[in-house]
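Novice: Structure incoming, see below.
The values are calculated or read from the model by the stated rules, or taken from the named source; none is laboratory data. Remember, predicted model here, so these are calculated numbers, not experimental data. Quick reminder, even Gly has a Cβ in these numbers, built from the backbone with ideal geometry, and neighbours come from all protein chains shown.
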Amino acid sequence: MIIGGYQKLTLIDYPGKLATTVFTVGCNFRCPFCHNPELVNLSLPHGNIMEKEFFDFLRKRKGKLEAVCITGGEPTLQSDLEDFIKKIKRRGLLVKLDSNGMRPDIIKKLLDKKLLDYIAMDIKSSLKNYGKTVGTKVDKDRIKLSVELVRHSGIGYEFRTTVVPGLHTEEDFEEIGKWLQGAKKYYLQVYRDQIILNPRLKKKTNGKSLDLKKIKKNISKNFEIMEIRGD
């Protein structure tokens, strides 16, 4: 595993659990609003020495932590993700995976082997605007398949979208509401531009706004739970 770092304690990343979050390096998207730009490129000088350090940390925190959240970057790009998760599970910890959904084959394999306890999938935009939003060509069928795998996974799950004024529109969220109708949880996440992958995006978003409360009111009927994070 190529690990860029880990957060020793989080009370919010895994709902209701005391967890640690580990950040993998490398992503197949180039979302201009990404708030972890240092984790995007696999060519960055990160070694796997941190994996040993991470498991040493888990050993020291045995009996205190309940779960590990694996995020990125995009964790499903890691060739040894399955083995990494198995090591965590052997320590009696729950595992939450964050994913952009571009590797439904990996998600299915992990679900089939019952290696995941919770999954969070980022919904970057409406399907028609996906490529524009993520900064690269997208196989939308993969995204749609991942959504269905998550919805029928039988484990805890959520979908979430970082709302970027000037990039997203209210129409995008109307489309997302129809697409994900019936899902258990959907979260709107407030956009922060202090650190982003493409600083030029600030020119596009400057002075723009979207009313997240209005969006929630308009589409919350499609979900069991819908909330705004970071408000």
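Novice: Determine whether D105 is farther than 19 Å from V150 by Cα, surrounded by fewer than 21 Cβ atoms within 10 Å (Cβ to Cβ) and out of contact with any Phe, Trp or Tyr (no Cβ under 9 Å at 6 or more places or on another chain).
Specialist: No.
Novice: Also, quick follow-up: Looking for something out of contact with any Asp or Glu (no Cβ under 6 Å at 6 or more places or on another chain), modelled with pLDDT under 95 and not hydroxyl-bearing (S, T, Y) - is there at least one such residue anywhere in the range 166-186?
Specialist: yes
Novice: Take E158 and decide whether it is under 15 Å from the mean Cα position of the chain (by Cα) and farther than 24 Å from E38 by Cβ.
Specialist: For E158, the condition - under 15 Å from the mean Cα position of the chain (by Cα) and farther than 24 Å from E38 by Cβ - is met.
Novice: Filter the range 83-106 down to the residues that are aliphatic (A, V, I, L, M) and part of a helix (DSSP H, G or I) and list them by number.
Specialist: Residues satisfying the conditions are I85, I88, I106.
Novice: Condition first: within 12 Å of F33 (Cα to Cα) and modelled with pLDDT of 95 or more. Can you find one or more residues in the range 203-221 that meet it?
Specialist: No, the range 203-221 has no match at all.
Novice: For residues that are more than 22 Å from G101 (Cα to Cα) and modelled with pLDDT of 90 or more, tally how many sit in the range 27-75.
Specialist: Number satisfying all stated conditions: 16.
Residues checked against (1) among the small types (G, A, S); (2) under 30 Å from Y130 (Cβ atoms); (3) free of Cβ contacts under 8 Å to residues at least 40 places away in the same chain:
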{"site": "D13", "(1), (2), (3)": "no, yes, no"}
{"site": "L18", "(1), (2), (3)": "no, no, no"}
{"site": "V22", "(1), (2), (3)": "no, yes, no"}
{"site": "N28", "(1), (2), (3)": "no, yes, no"}
{"site": "F54", "(1), (2), (3)": "no, no, no"}
{"site": "F57", "(1), (2), (3)": "no, no, no"}
{"site": "K62", "(1), (2), (3)": "no, no, yes"}
